[in-house]
There are 6 protein chains.
Amino acid sequence: MDFPHLDDSGRARMVDVTAKEPTVRSATARGAVHCSAEVVDRLRTGSVPKGDVLAVARIAGIQAAKSTPTLLPLAHVIGVHGATVDLTVTDDGVEIEATVRTADRTGVEMEALTAVSVAGLAVIDMVKGLDRTASLHDVRVVAKSGGRSGDWRRPGEPG
Amino acid sequence: MDFPHLDDSGRARMVDVTAKEPTVRSATARGAVHCSAEVVDRLRTGSVPKGDVLAVARIAGIQAAKSTPTLLPLAHVIGVHGATVDLTVTDDGVEIEATVRTADRTGVEMEALTAVSVAGLAVIDMVKGLDRTASLHDVRVVAKSGGRSGDWRRPGEPG
Amino acid sequence: MDFPHLDDSGRARMVDVTAKEPTVRSATARGAVHCSAEVVDRLRTGSVPKGDVLAVARIAGIQAAKSTPTLLPLAHVIGVHGATVDLTVTDDGVEIEATVRTADRTGVEMEALTAVSVAGLAVIDMVKGLDRTASLHDVRVVAKSGGRSGDWRRPGEPG
Amino acid sequence: MDFPHLDDSGRARMVDVTAKEPTVRSATARGAVHCSAEVVDRLRTGSVPKGDVLAVARIAGIQAAKSTPTLLPLAHVIGVHGATVDLTVTDDGVEIEATVRTADRTGVEMEALTAVSVAGLAVIDMVKGLDRTASLHDVRVVAKSGGRSGDWRRPGEPG
Amino acid sequence: MDFPHLDDSGRARMVDVTAKEPTVRSATARGAVHCSAEVVDRLRTGSVPKGDVLAVARIAGIQAAKSTPTLLPLAHVIGVHGATVDLTVTDDGVEIEATVRTADRTGVEMEALTAVSVAGLAVIDMVKGLDRTASLHDVRVVAKSGGRSGDWRRPGEPG
Amino acid sequence: MDFPHLDDSGRARMVDVTAKEPTVRSATARGAVHCSAEVVDRLRTGSVPKGDVLAVARIAGIQAAKSTPTLLPLAHVIGVHGATVDLTVTDDGVEIEATVRTADRTGVEMEALTAVSVAGLAVIDMVKGLDRTASLHDVRVVAKSGGRSGDWRRPGEPG
């Protein structure tokens, strides 16, 4: 078994998926931004609590899902037919979950991971003036459905 | 003290930096992809060990640094005047470090964080066929120099 | 009835269209640039009447139709399978009509509106050195066909 | 006097601005989305009044200001060093005002007009399911400052 | 017979392909970068022979295939479902071959030509510090398959 | 002497130009599209001779100059402060010349080469329905000025 994105000589390629059927596929990813107690407090109780902060991050995440083939050299250009990005303020910072859906030829795990990552970066961009140590953690796929490999849920992940 | 990206009503804005001086600024960020021992082994000793894998990720990271104002809604359009992305295979996966340099009006911390994140996503994209649990961790700024706030090194970070 | 782009908590999302059938859909939009009599005269009878002006605007409009999912955060990535942009010099400035066609899962009204708007902005960009008051007006969908909601023509609009 | 974007043969070109000085420049543009009384009512008093609607449009406008050289063929690649987009719900729909600032070689009137137009299109995208006649009106520059031609305010425009 | 991209008045348009069937289509293009014997020697036997040079060009070519509708005004937005770019160092410089595959409504000849051209430009970018005369040559389609016009091989081209 | 874009281990990097002075720089590139006598004839004497063909290519070239840092992984994000693209119909096809100017930290040779290449690809896109053998040739820098290495004219090139 070898890396599917490399040919026999180790050269990168975009894997040919023309023979795959367009079917409904979905992927959900999660991750978290850690930031200081002061920032968390301000996100919850400031004079303008949160304001547009979570909206900006949500939109950045949705837009990033659509930019995946531009960002990842070997990703396919596919239709993006549904996307949600949810952010929740916690005691440690902000938790992020993104779900992307398509009716096309490849899975959308990378689109979901990209949405979570960029939403997290957008949060960091907005809070870095208050906490320069803000950081992004544990970006991972937690579930996928559809496609040849079928449904999968990451072991140990809450539903 | 409030979020600089929000006005008094909590509305997002791109902060005005026209009064800032263009000076040489630099930022370094780090992060890591975790993946299975099997993938690590293949990255080290396969029949085509690594092949283009690290090159693809390196280039994805450099390109992403340049895409930062497209990805992050409130980021400024600035010149990107230098960028390096280094990847090292470890026992746990791949460690990533990116340094971005500019001679412009804002810091480039977000450019460095974006480079690390997208380089990590590119690694995950290439190994996900072998390990669907591959994930991105601990993306953070470790050092910056230049600009009004001067030099900074993240406490506890190796040099 | 609520905004389809908002969930129950008012959070933006990209509406899931995976269950929609790919069918042929079309949308036509119109709008107008108003500019001074002097600019209109020059567009008609200058030493190089018009030159590339209308071609530049036409191409900007066609390109913009393709950029719709990048510009509008909640728009889907779909195929764009046909586009025309027509510009007509009138006594008041330039009238613009764009028609976009697709064989995909969503309507293309936003693609047509985006084509008209950006074609108009391109005209303004080229004439603003002669008339800084040039402006964009009445950008609206005038007809659509295909999709679940079927054909529609804007009341009172000439055919 | 001829179109500055055309050479003597009428061919489009990007005007050479290398000899211009980088100075602080600002431009403000306005426009309006017209939509039905029902949509206005829902924007004001629905169960989730507005939700992210205005935030999505604001961010789309800010992002579009940065995309101006991609959208308008003859526009220069310049730094965008500040941007605000404000939306106000009125009896007729939504009024939009955008201000863009730069410390670079050209004015930013087109950036401000593009921000208003795309913010308006984003509003239309979100309300079109409730009102397919929603439309964009009166997109114009209302003020500019800086650069060789100095300050200007559109006659008859409220401050 | 006239240019299909022009209407009866000579105005550019994106040809309507909504009536075409999505089928598997493929196109292969070739071209060459010419550069000095010194650069060729360095690509073959330097202290870090080639390093990432060919990988950078390969990835630039794959990415460019995906950017075709952004670069070419009248090109359609279609799915890109497979892409390979191969580079070979020769006595005269670097030979490039790209193959692009899709299961969509139009041929991918332009995608293959764009991949070869941009891969070649990326090579020139990397060697221009050593040889400012490096240049791009003979970019042409050598074979296509699928679609209404069926299979074709360029006369006189080696298989 | 080694490739400046590779570090000591052969890894690609974006060269640091923060220490370079912003100065006025210019580069001119040329190339040619070869196509059949029939296409040349149609470009000259058809019922709609040329129509928008050369305008589309000219605009594609200007836009491509601005896209250079997106297309070429190691190219810097710089200001593009002037661009012209000229196309001339000849007995063999279309000759293309592009000049790009900047007042920034790096030369613009790659921007000029990219403009010529993409203008040529746009021509091929428009004529390929009439001549599938249309091809791109001899894309090279013919002159540059400004910057540390000063002025240069390609030997043997007409002025």
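Hey, fewest Cβ within 10 Å first, where do F:2, D:8 land in order? Provide the component values of the computation, followed by the final result.
Values: F:2 15, D:8 9.
Ascending Cβ contact count within 10 Å gives the list D:8, F:2.
Inside 10 Å of the C-beta atoms of B:113-120, what's the mean count of C-beta atoms belonging to other chains?
Working: counts 9, 6, 0, 3, 12, 7, 0, 4.
Shielding by partners across B:113-120 averages 5.
As I understand it, the dipole of chain B uses +1 on the Cβ of Lys and Arg and -1 on the Cβ of Asp and Glu, about the Cα centre. Which of B:60, B:35, B:158 lies farthest toward its positive end? In chain B, that residue is B:60.
Of the complete DSSP H runs in chain F, those spanning 15 angstrom or more by Cα along the long axis with a mean Kyte-Doolittle score not below 0.5 are F:53-71, F:109-127.
Rounded if a/c is under 1.5, else prolate if a/b is larger than b/c, else oblate: which is region E:72-157, with a ≥ b ≥ c the root eigenvalues of its Cα gyration tensor?
prolate
Qualifying trypsin sites (Lys or Arg not before Pro) in region F:78-159, where qualification requires a DSSP coil assignment and no more than 13 other C-beta atoms within 10 Å, comprise F:148.
Across the residues of C:13-24, average count of Cβ atoms on other protein chains within 10 Å?
Numbers: counts 9, 12, 5, 11, 7, 12, 5, 2, 1, 4, 1, 3.
The mean count of partner-chain Cβ atoms within 10 Å per residue comes to 6.
Each residue of region B:131-146 was assigned a 3J(HN,Hα) from its phi angle through the Karplus curve 6.51 cos²θ - 1.76 cosθ + 1.60 (θ = phi - 60°); the sequence is 8, 6, 9, 3, 8, 10, 9, 6, 7, 8, 6, 10, 6, 9, 9, x Hz, with glycine and proline shown as x. Given a 10 angstrom Cα cut-off, can you work out which residue in E:117, E:67, E:149 is the most mobile in a GNM of chain E? For chain E, modelled as a Gaussian network with Cα springs under 10 Å, the answer is E:149.
What is the local net charge at residue E:102, summed over the other residues whose Cβ is closer than 13 Å to its Cβ (Lys, Arg +1; Asp, Glu -1)? Each step should come with its number before you reach the end.
On the way: positive: A:20, A:105, E:20, E:25, E:66, E:101, E:105, E:144; negative: A:16, A:104, E:21, E:104, E:109, E:111.
Cβ neighbours under 13 Å give a net charge of +2.
For region E:1-121, the relative contact order is 39 percent, taking Cα pairs closer than 8 Å that sit 6 or more residues apart in sequence and dividing their mean separation by the residue count. Determine the percent antiparallel among the DSSP beta bridges restricted to region D:23-147, to the nearest 5. Given both bridge residues lie in region D:23-147, the antiparallel proportion sits at roughly 100 percent. What does the charge count around residue F:23 come to, taking other residues whose C-beta lies under 13 Å from its C-beta (Lys +1, Arg +1, Asp -1, Glu -1)? Cβ neighbours under 13 Å give a net charge of +3. For the protein assembly as shown, the square roots of the Cα gyration tensor eigenvalues, ordered a ≥ b ≥ c, give a/c below 1.5, which places it in the rounded category.
With just the Cα atoms defining each centre, how far is region A:82-159 from region A:1-30? Give it in Å. Result: 20 Å between the Cα centres. The fewest-to-most ranking of D:91, E:104 by surrounding Cβ atoms within 10 Å reads D:91, E:104.
Using the 10 angstrom Cβ neighbour count as an exposure proxy, how do F:133, E:106 rank, fewest first?
Values: F:133 14, E:106 20.
With the fewest neighbours first, F:133, E:106 line up as F:133, E:106.
For residue D:150, neighbours were defined as the other residues whose beta-carbon sits under 15 Å from its Cβ, and their charges (Lys and Arg +1, Asp and Glu -1) total +4. Most fluctuating residue of E:57, E:19, E:98 in a GNM of chain E with Cα springs under 10 Å: which is it? Per the Cα network of chain E with a 10 Å cutoff, E:19 tops the list.
Suppose every Lys and Arg Cβ carries +1 and every Asp and Glu Cβ carries -1, with no other charges. What dipole size does the protein assembly as shown come out with about its Cα centre, to the nearest 20 debye? Each step should come with its number before you reach the end.
Details: 114 positive and 126 negative charges, 1 e Å.
Around 0 debye, computed over the protein assembly as shown.
Note on region F:37-159: with charges restricted to the Cβ of Lys and Arg (+1) and Asp and Glu (-1), its dipole about the Cα centre is near 400 debye.
For region B:77-89, backbone phi angles converted through the Karplus equation (6.51, -1.76, 1.60; θ = phi - 60°) give residue-by-residue couplings of 7, 10, x, 10, 10, x, 7, 10, 10, 10, 10, 10, 7 Hz, Gly and Pro being listed as x.
Kirkwood hydrodynamic radius of chain D, from the reciprocal of the average inverse Cα-Cα distance over all distinct pairs: 16.7 Å.
Under unit Cβ charges (Lys, Arg +1; Asp, Glu -1), what dipole magnitude, rounded to 20 debye, does region D:27-92 have relative to its Cα centre? It would help to have the intermediate numbers written out before the result.
Values: 6 positive and 6 negative charges, 49 e Å.
With Lys and Arg at +1 and Asp and Glu at -1, about 240 debye.
Annotation: lysines with alpha-carbon distance below 25 angstrom to residue B:66 (same-chain offsets under eight excluded): A:66, A:128, B:20, B:144, C:66, D:66, E:50, E:66, E:128, F:20, F:66. Using a Gaussian network model of chain C with C-alpha springs under 10 Å, which one of C:100, C:17, C:40 is most mobile by mean-square fluctuation? Of C:100, C:17, C:40, the most mobile in the Gaussian network model is C:17.
Amide H contacts for residue F:135 (H built 1.01 Å from N in the peptide plane; partners 5 or more residues away or on another chain; cut-off under 5 Å): F:34.
Computed from the coordinates by the stated procedures, all read-outs in this text should not be read as laboratory data. Bear in mind that the values here come from a model prediction, so they are computed numbers and not experimental data. Cβ coordinates were reconstructed from backbone atoms using ideal geometry, including for glycine residues, and neighbour counts include every protein chain displayed.
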